Protein chains: 2
Amino acid sequence: MKSYKGYLIDLDGTMYLGPEPIPYAKEFIEALKEQDIPHLFVTNNSSKRPDQIVNHLLNMNIPATEKQIFTTSMATASYIVGQHSKAKVYAIGEVGLIDALSDVNIELVDEKADYVVIGIDRDITYEKLAKGCLNIRSGATFLSTNGDIAIPTERGFLPGNGSLTSVLEVSTGEKPLYIGKPEPIIMELALQELGLKKEEALMVGDNYKTDIMAGIGAGMDTLLVHTGITSEKDLKQFNPQPTYTAKTLNEWIPNI
Amino acid sequence: MKSYKGYLIDLDGTMYLGPEPIPYAKEFIEALKEQDIPHLFVTNNSSKRPDQIVNHLLNMNIPATEKQIFTTSMATASYIVGQHSKAKVYAIGEVGLIDALSDVNIELVDEKADYVVIGIDRDITYEKLAKGCLNIRSGATFLSTNGDIAIPTERGFLPGNGSLTSVLEVSTGEKPLYIGKPEPIIMELALQELGLKKEEALMVGDNYKTDIMAGIGAGMDTLLVHTGITSEKDLKQFNPQPTYTAKTLNEWIPNI
């Protein structure tokens, strides 16, 4: 079995399900920590700040530091800075997105933006959508943190960022560049953050259509763990298959 | 030249352009009035009430009464009542939609709706979109007043109802039934309102892709007037062609 120098690890369905930790998530992360294996938690969640996610993990006794969190908002900010260091951005989103952009000194503007970025925004207004459309029609590059169409909640499935993004897409006729999983961009930016090559790291997640597809798209080896979305039965329909599968993360610990 | 017993007439680009009347719109309507030819103004505008539209026409000296206004909101209300006389509706929209539904005694609800209806809503919120998604996922029939993707304003093109509708469509995976032009439904409901058969009335408008397509779709004769969207040159690319064309409505007055 190949030994990996670093890990990219999904959160929801892999480390926890809402408020509950996934069995062996804690032991898996502790094994990485004991052996000083660099790892990043890579999430399509654009609304939360790293400190909020760290608190959630620590409350479940899963070790984590802010530097180990890589949200799609942070990936989006990193992508923009890599393209254009003085970019002006019109952003629609919650604190996780606004802070991620501000943290890398991106100037937030209402007009004459170089980029329009949209992430989930539960305070969405017509005026925000209008400004997004006007900036895109004036030539701004259109980015979206992720294409998730729905968010599971106790009320049922509520609109996800992919559905809010469609307002700008349908109205302007411009397609966004999505940064989050299943796009490989977020994987490439996460590897850059760890300072590792794609051959050196393993992508671990529970969802074939997001986690595993992103890893495969980035040319990485992948481990699908059957603790969340994709069951053993569901997995059979997909091609290519992940490099490895495991019923729980406990099975993988001897390979670390 | 065939003589028509009734007329369906578009507003924007046919009667007026924003605050300005279109030349000969007044004379055209006066000719219909003098000869007692029944006519309805048929508009994809879902946000305004009939009295607001009448005031706008009267301010330009174009004769009109509230009974002659047929908005896509009124068409949507009429469609629902025709399908299900005790329907419960969850509605997202402005005063024109809410009043049109209330005027035909439709019960407006937040949950357990038989229909979800969306029209342009410049006070859109995430909670409204969430309730729309939840009702559609629970089995409500999904209607949209119109699919217009953008609204021309002095600021530029702002999001139209078709783009807001896409949030519900993308998030739930359900396609809406659109009521407004270019769908023929609004024509059929307008003919019913006039008490005329499709062979007996003429659809008049400036926009091939909405007005003329709706008329053709409903099996009506159509008159494209080149005072708005579709120029003589643009028209050549379309098939089938409208029954008649005119540079201005003045050309048509002798045929009334």
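The values are calculated or read from the model by the stated rules, or taken from the named source; none is laboratory data. As the structure is a prediction and not an experimental result, all values here were calculated from the model. Every residue, glycine as well, gets a Cβ built from its backbone with ideal geometry; the counts of neighbours run over all protein chains shown.
Summary of computed values
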{"quantity": "Residue check for B:Leu101: within 14 Å of chain A (Cβ to nearest Cβ) and surrounded by 18 or more Cβ atoms within 10 Å (Cβ to Cβ)", "calculated": "no"}
{"quantity": "Qualifying positions in region B:171-211 - over 30 Å from B:Thr125 (Cα atoms) and at the interface with chain A (Cβ under 10 Å from one of its Cβ atoms)", "calculated": "none"}
{"quantity": "Members of region A:86-117 found to be part of a strand (DSSP E or B) and without any contact (Cβ under 8 Å) to a residue 24 or more places away in the chain, listed by number", "calculated": "A:Glu107, A:Leu108"}
{"quantity": "Candidates A:Leu189, A:Leu224, A:Leu196, filtered to the one that is in contact with a Gly (Cβ under 9 Å, 6 or more places away or on another chain), in a loop (DSSP other than H, G, I, E, B) and outside the structural domain of A:Tyr115 (by TED's automatic domain parsing)", "calculated": "A:Leu196"}
{"quantity": "Test: residue in region B:41-61 that is more than 29 Å from B:Leu158 (Cβ to Cβ) and of a type in the set (D, E, K, R)", "calculated": "no"}
{"quantity": "Among the candidates B:Leu129, B:Leu134, B:Leu168, B:Leu164, residue that is touching a Cys at 6+ places or on another chain (Cβ under 9 Å), within 14 Å of another protein chain (Cβ to nearest Cβ) and either farther than 30 Å from B:Lys236 by Cα or surrounded by fewer than 24 Cβ atoms within 10 Å (Cβ to Cβ) (or both)", "calculated": "B:Leu168"}
{"quantity": "Whichever residue in region B:104-126 is out of contact with any helix residue (DSSP H, G or I) (no Cβ under 7 Å at 6 or more places or on another chain) and among the hydroxyl-bearing types (Ser, Thr, Tyr) and, among such residues, is nearest to the other protein chains (Cβ to nearest Cβ)", "calculated": "B:Tyr126"}
{"quantity": "Candidate set from region B:137-150 (those that are under 26 Å from B:Val42 (Cβ atoms) and without any contact (Cβ under 8 Å) to a residue 60 or more places away in the chain); member that is farthest from the other protein chains (Cβ to nearest Cβ)", "calculated": "B:Thr141"}
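Rundown of residues vs (1) surrounded by fewer than 21 Cβ atoms within 10 Å (Cβ to Cβ); (2) in a helix (DSSP H, G or I), yes/no style:
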residue	(1), (2)
A:Lys2	yes, no
A:Ile29	no, yes
A:Leu32	yes, yes
A:Ser46	no, no
A:Val54	yes, yes
A:Thr76	no, yes
